[in-house]
Amino acid sequence: MTHPIKLGANEIEKGAKSLLDIDRKIRNQENGRPPEFLCVVCGLTDYAYRRPDGVYVVPITSLRE
């Protein structure tokens with residue numbers, strides 16, 4: 001089970017692009033198992049959401065107990 005996660009501040013778009021590139025490379029490998037989800041963890045958003053490209057954007061504050 002692979003979960004690529006990038007920590008981004010003002011770079012949500014850059015982080016999402018990087019994750020999508022990684023996902024594409026994994027899917028192109030023989031027997032490559034794609035990630036279950038792609039997620040950019042950031043500190044500059046008020047809520048978690050899913051982008052149209054399928055990448056989740058989650059504020060780090062939502063990960064606390």
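Proximity of backbone amide H atoms, modeled 1.01 Å from N, is registered between VAL55 and no other residue at under 5 Å, excluding neighbours fewer than 5 places apart on the same chain. Of the peptides 14-21, 27-34, 48-55, the ranking by mean beta-carbon count within 10 Å, highest at the top, reads 14-21, 48-55, 27-34. A 1.4 Å probe over all protein chains sorts THR61, THR45 by accessible area into THR61, THR45, starting with the largest. Backbone amide hydrogens, once placed in the peptide plane, bring CYS42 within less than 5 Å of GLY8, VAL58, ILE60, excluding anything fewer than 5 places away on its chain.
The values are calculated or read from the model by the stated rules, or taken from the named source; none is laboratory data. Here the structure is a predicted model, which means the values were calculated and not measured. Positions of Cβ are generated from backbone atoms using ideal geometry, with glycine treated the same way; all protein chains shown enter the neighbour counts. The area values use the complete protein model at the heavy-atom level, side chains included, leaving out ligands, DNA and RNA. Shrake-Rupley method; radii C 1.70, N 1.55, O 1.52, S 1.80 Å.
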